[in-house]
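Data block below; observations after.
No value in this document is a laboratory result; all are computed from the given coordinates. Since this is a predicted model, take the numbers as computed values, not measurements. Neighbour counts run over all protein chains shown; Cβ positions are idealised from the backbone, glycine included.
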C-alpha cells in the first residue's frame, strides 16, 4: 500500500500512533530481555514518520487554521521518532551492557552481577553495609556505560542541529535549555540547607550515598500498606479515580518499602491520564513525546503519600500518620533533587566535568560519588525535560484541585471529571522562566512545611 500524502494529516497521525506504540512496546521488552529484543527495529514499518523528509514536508505544508495544531504536533512527534530510530543502536548497546552479569559483588556470597542488579541491590539490601557493597559493584560498569551515553548525546545533538533545533530537548517540551537548567539550579540552592538537615541523621554514621539511597526506600514508614503491591489495591484505594475508565498498568514494583507504593501510585496517575484521552482525539494532539501531562498527574497522585491526612483516610494510620508522611516527604525531596541534578549532569550539550559531578554528588547525596559513575549515573532519559516540568507543575495542579474540591479532592467524582476534562488534550503550553521559577518556590515551601 502506497504512503498517504503528507497533507493527509489524519492518516499520518495514525502512522505516528502506531510508531509510538511499537516503540514503547519494544523499549519495555528490551528492558526485560535485551538479548531477545536487540535485533528488532520497532520503527522500520513506519519509517516515513521517523524521517527528516517528513519533518520538512510538514514544515512546508500550509494547512487550514483548524489543522495547524495537528500539523505542529505531528512535527514534534516526527522529531522524537527520528531521534529514537537513529538512536536505536545506542539504546540496545546500553541495555545489553547494563544487563551483562560481569561485575563483582563482594558480599556474602560473592557473585557476578549486572549494572541493573547492582542498583537494585543498593535499595533492596538488608543493611547499609550491604548497600555500600552493591554500589561499589555498580561503579565498575560506569566507564563503559558513560562511553555509550557520550555517543548517544553526540548523535542527538547532531540530529537536532540538522533539523535546525538549538537543543534536543526542544522536541520534548516547549522550553529553552537555559530555562530548564535555571529552574534545576534554583531548586537545588533553595533546598540545600533543608536537605542537609534532613539527611544528617542518616549520614552521621558515615553511610554515604549508599546509605541515603537505601534509606529513601522508606522502610521506616511501614503502617497501613498491604503485604503485596498489586493492581487491585490501587484500584480499591483510588476507586473514584478509576470509575468509568480502564487504566492499563505496567508490572508494578516489588514492595520494598513505602516508597514502592508511592511509585506505584504515580504509575496509576500516569495510566489514568492516558485513559482519559478520548479515542476520537488525534493521537498527536492527545499525547506529547515526553508525556508531560501523564507525568504531571503521576506526580500529583504520588505526592498524596506525604500528606498525613491521606495517610489517615486512605491507610487508616493513626498517631504515626505525621511521622510516616515526613519519611515519605524526605524521599520525595531526595528524588526531586536527584532529578534536578540529572538535568544538569546529562545535558546533551554540556557533559558535566569531573568537578561538577563531584560537587552535585556531594550536595545531593551527602558525599561525592565515585568518579567512575560520571556520565553513567544518573542516567539520561528521553523524557527528562518533560518529567522535570511536570514535577514542578504537579503541586500547583493539586493546589488548584484542593481549592476547587477541598482537601480530599481525590475522593470526589467531580474532581476526577474535571481532571479528565482538562487532560483530554495535551496543552503544549510554552514553559516560561517566570512561572517555572514560581512553581519551584511553591514546591520548596511545601518541602519546608513537611520537613522543617
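Figures for the structure shown
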{"quantity": "Part-to-part distance (alpha-carbon centres) for the range 128-162 and the range 404-452, which is given in Å", "calculated": "33"}
{"quantity": "Pairwise label distance in nanometres, residue 150 with residue 89, each label 7 Å out on the Cα-Cβ vector", "calculated": "1.8"}
{"quantity": "Label-point gap, in nm, between residue 18 and residue 309 - each point 7 angstrom along Cα→Cβ", "calculated": "4.9"}
{"quantity": "Amide N of the range 331-350 lying under 12 Å from the label point, which is placed 7 angstrom from the Cα of residue 157 along Cα→Cβ", "calculated": "347-350"}
{"quantity": "Theoretical gain in end-to-end length, residue 53 to residue 192 [0.36 nm per residue, Cα-Cα removed]", "calculated": "45.4 nm"}
{"quantity": "FRET efficiency, 1/(1 + (r/R0)^6) with R0 60 Å, evaluated for residue 126 and residue 7 via beta carbons", "calculated": "0.45"}
{"quantity": "Helical mean residue ellipticity (222 nm; -39500 (n - 2.57) per DSSP H run of 4+; nearest 500) of the chain", "calculated": "-20000 deg cm²/dmol"}
{"quantity": "Full-stretch length increase - residue 64, residue 219 - with 0.36 nm per residue and alpha-carbon distance subtracted", "calculated": "50.2 nm"}
{"quantity": "Computed FRET value (nearest 0.05) for residue 427 with residue 322, which takes r as the C-beta separation and R₀ as 25 Å", "calculated": "0.10"}
{"quantity": "Extension gain from residue 32 to residue 232, taking 0.36 nm per residue of separation minus the Cα-Cα distance", "calculated": "69.7 nm"}
{"quantity": "Three-way shape call for the chain based on the alpha-carbon gyration tensor, with the a/c threshold at 1.5", "calculated": "oblate"}
{"quantity": "Cβ-Cβ FRET estimate between residue 367 and residue 111, R0 fixed at 45 Å, reported to 0.05", "calculated": "0.95"}
{"quantity": "Modelled label reach - residue 278, point 7 Å along Cα→Cβ, the range 218-246 residues with backbone N closer than 15 Å", "calculated": "none"}
{"quantity": "Cα centroid of the range 203-277 to Cα centroid of the range 285-299, whole Å", "calculated": "18"}
